[in-house]
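**Q** Take this structure first; my questions come after.
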Amino acid sequence: MMSDAARKFLVAMLLFLAAGGVIGWFYGQAVTGLMIAAVLALLWQVRQLLSFDRALRTGNFDDFRYGEGIWEQIFSRFRYEHDKATRRKKEYRRLLKEIRKSTDAMPDGAVILNAENEILTCNRAAKGLAGLKRKKDRGQRMDNILRAPELTRLLHASDQTTTVEIESPVVDDNWLNCRVVPYGADQKLLLLRDVTESIRLGKIRRDFVANASHELRSPLTVISGYLDALADGEDVPPTWEKPLSQMQGQAKRMRHILGEMLELSRLESAGRVESDEPVNVVGLMSNAKQAYEGYADIATIAVAAESTAKLTGNAAEIETVIINLLSNAVRYTPTDGEIGIAWRSDADGASIVVSDTGEGIAPEHIPRLTERFFRVDRGRSRDDGGTGLGLAIVKHILARHDAELIVTSEPGEGSEFCCHFPPNRLIATPTPVLS
Ligand code: ADP
């Protein structure tokens, strides 16, 4: 389809050439007249073309207000698009400024990284929190600037839900919480948050619990000592025998709770277990089972060594995990039930699995099991000698070993407590060389 302007242009050209021909014919030179008209038309087109080229180079389209015919339309169309593009550019620039202003106003640091963890840009808070410099650090690898092994691990991890806390490189004793959010094709947003205050409060709470537990231990030892002496005494009136034995039982329970609270405080303030000592998991499982030998009124316990994988870590702590999970299984499984402890491994790592055919746990309680002092049935657990701290200790020990606790249970059917260790916690068994 031809536009009106194109049609007009063609008609004008034909008329101009025809006029040239007619004038020439009038003088007996029709061809010469036609040719002169054609050359004039060509010169005029060349002039328009040259000024269009000039305008493209200079970016000044004002001259084209006076363009003629089809050129006028081309010029005005071009001018319109050019103005639109300029307006858009301005708008984008303004928008970019707004976005930068708002990200700069954010109290949290935000750093945009590419797939190689190189810095593309960052906001003002990232400057204050991590000492980054927008221009100077562009293109630098993030883990070269903030040198913390936890951050390096986080940047290379595929799990986006984990966060790590690192010491601030700018202010001593300040802490930053780091989180990586992937976006776009292969970019990442590293979010940095100042968590100094909550770390400080956590430390105050931990210190308080540790100090209180420690301070309570000495008077309790004295009280227990006197209670034991009194109970052993010859001249105790019979009416005092029951109260004395109850007091002894409660004192023992308090010592147990204080011991577990101190253990929890220690685990909380200790970092990751760096030991590469091999732990004989199956041996620890058999020891834990042996401790119940001779007990007639408990469910049967079966140990299954399904893997030869070697775990690295703190053997005493892994033993505590096994003992705590087994003692729970024994307490919450009826005498005719079955308890299994297994050591398994696959490509994703290895697991200590303690399963039972006991009473099970309702789904709403499962997420709260590892909270301190959480017990589904408070009175029942207390009567059984439970403290509500066993699984909290298990969770902390596992966290120190990069492991996690996965609980699955069916009320009335039984429960399974799976401690899953990642492959980096296992000693690689050399593959046999086939000859
Ligand atoms: P407790 O000393 O009370 O056993 P834990 O922290 O070890 O404390 O366990 C928390 C709660 O989880 C228990 O009170 C119990 O209700 C529940 N629980 C733990 N293990 C089992 C299990 N094997 N079967 C059923 N319930 C369990």
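Computed from the coordinates by the stated procedures, all read-outs in this text should not be read as laboratory data. Small disclaimer: the values here were computed from a predicted structure and weren't measured. Methodologically, a virtual Cβ is constructed for each residue, glycine included, from the backbone with ideal geometry; neighbour enumeration extends over all protein chains shown.
**Q** Shape call for the range 247-346 from the C-alpha gyration tensor, a ≥ b ≥ c root eigenvalues: rounded (a/c under 1.5), prolate (a/b greater than b/c) or oblate?
**A** Oblate.
**Q** So, one more: Summing -39500 (n - 2.57) over the DSSP H runs of n ≥ 4 in the chain and dividing by its residue number, what mean residue ellipticity at 222 nm do you reach, to the nearest 500 deg cm²/dmol?
**A** On the way: 12 runs with 221 residues, N = 435.
One gets -17500 deg cm²/dmol as the mean residue ellipticity at 222 nm.
**Q** Just in the range 18-53: which chymotrypsin sites (Phe, Trp or Tyr not before Pro) are loop by DSSP and have at most 14 other Cβ atoms within 10 Å?
**A** Y27
**Q** In degrees, nearest 10, range 0 to 90: what is the angle between the Cα axis of helix 315-331 and the longest Cα principal axis of the chain?
**A** The helix 315-331 is inclined about 70 degrees to the chain.
**Q** Summing +1 for each Lys or Arg and -1 for each Asp or Glu, what net charge is found among the other residues whose Cβ lies under 14 Å from the Cβ of A291?
**A** 0
**Q** Give me the net charge of I119's neighbourhood, meaning all other residues with Cβ under 13 Å from the Cβ of I119; Lys, Arg count +1, Asp, Glu -1. Display every interim value, and only then the final one.
**A** Working: positive: K127, K133, R134, K135, K136, R138, R141, K188; negative: E116, E118, D137, D143.
Charge balance near I119 sits at +4.
**Q** Does anyone have the angle between helix 390-400 and the longest principal axis of the chain? Alpha-carbon axes, 0 to 90°, nearest 10?
**A** Once rounded, the angle reads 50 degrees.
**Q** Something else now. So how do 273-279, 82-88, 320-326, 309-315 stack up, highest first, on mean other-Cβ count within 10 Å?
**A** Per-residue Cβ counts within 10 Å, averaged per peptide and sorted highest first, yield 320-326, 309-315, 273-279, 82-88.
**Q** Label the range 69-225 by shape, choosing from rounded, prolate and oblate, from the square roots a ≥ b ≥ c of the eigenvalues of the Cα gyration tensor; if a/c is under 1.5 it is rounded, and otherwise prolate applies when a/b is larger than b/c, oblate when it is not.
**A** Prolate, since a/c reaches 1.5 and a/b exceeds b/c.
**Q** When the Karplus curve 6.51 cos²θ - 1.76 cosθ + 1.60 is applied with θ = phi - 60°, which whole-Hz ³J(HN,Hα) does each residue of the range 203-213 get, with x for Gly and Pro?
**A** So the J values, rounded to whole Hz, are 5, 4, 5, 5, 4, 4, 4, 5, 5, 4, 4.
**Q** How big is the gap, in Å, between the Cα center of the range 253-277 and the Cα center of the range 129-164?
**A** Spelled out, the Cα-based centre of one part sits 31 Å from the other.
**Q** Project the alpha carbons of the chain onto their principal axes and report the range along each, largest first, in whole Å.
**A** The Cα atoms of the chain stretch 155, 56, 47 Å along their principal axes.
**Q** Let me ask something additional. Does the range 48-152 classify as rounded, prolate or oblate by the C-alpha gyration tensor (a ≥ b ≥ c root eigenvalues; a/c under 1.5 gives rounded; else a/b over b/c gives prolate, otherwise oblate)?
**A** Since a/c reaches 1.5 and a/b is larger than b/c, the shape of the range 48-152 is classed as prolate.
**Q** Under the Karplus relation 6.51 cos²θ - 1.76 cosθ + 1.60, θ = phi - 60°, what is the ordered set of whole-Hz ³J(HN,Hα) values for the range 271-277, x standing for Gly and Pro?
**A** Calculated HN-Hα couplings, in order: x, 5, 6, 9, 4, 10, 5 Hz.
**Q** Going by amide H atoms built from the backbone, whose H comes under 5 Å of the H on T121, apart from near neighbours?
**A** I112
**Q** By the scheme Lys and Arg +1, Asp and Glu -1, what is the net charge of all other residues having a beta-carbon under 9 Å from that of H420?
**A** Taking every Cβ under 9 Å from that of H420, the sum is -2.
**Q** Can you compute the FRET efficiency between E215 and E116 using 1/(1 + (r/R0)^6), with r the Cβ-Cβ distance and R0 = 56 Å? Round to the nearest 0.05.
**A** 0.60
**Q** Show me, for the range 239-249, the HN-Hα J-couplings you get by feeding each phi into the Karplus relation (A = 6.51, B = -1.76, C = 1.60, θ = phi - 60°), rounded to Hz, glycine and proline as x.
**A** Whole-Hz 3J(HN,Hα) from phi for the range 239-249: 5, 8, 4, 5, x, 5, 5, 5, 4, 4, x.
**Q** Okay, moving on. So which of K127/K188; K101/K127; K101/K135; K135/K188; K84/K135; K97/K127 end up more than 20 Å apart, counting from Cα to Cα? Numbers along the way, then the final one.
**A** Numbers: K127/K188 18 Å; K101/K127 14 Å; K101/K135 17 Å; K135/K188 18 Å; K84/K135 31 Å; K97/K127 18 Å.
Long pairs (Cα-Cα over 20 Å): K84/K135.
**Q** How large is log10 of I(q)/I(0) for the range 288-360 at q = 0.11, 0.16 Å⁻¹ when the intensity is taken from the Debye formula with one equal scatterer per alpha-carbon?
**A** With one equal scatterer per Cα and no solvent, log10 I(q)/I(0) is -0.29, -0.59.
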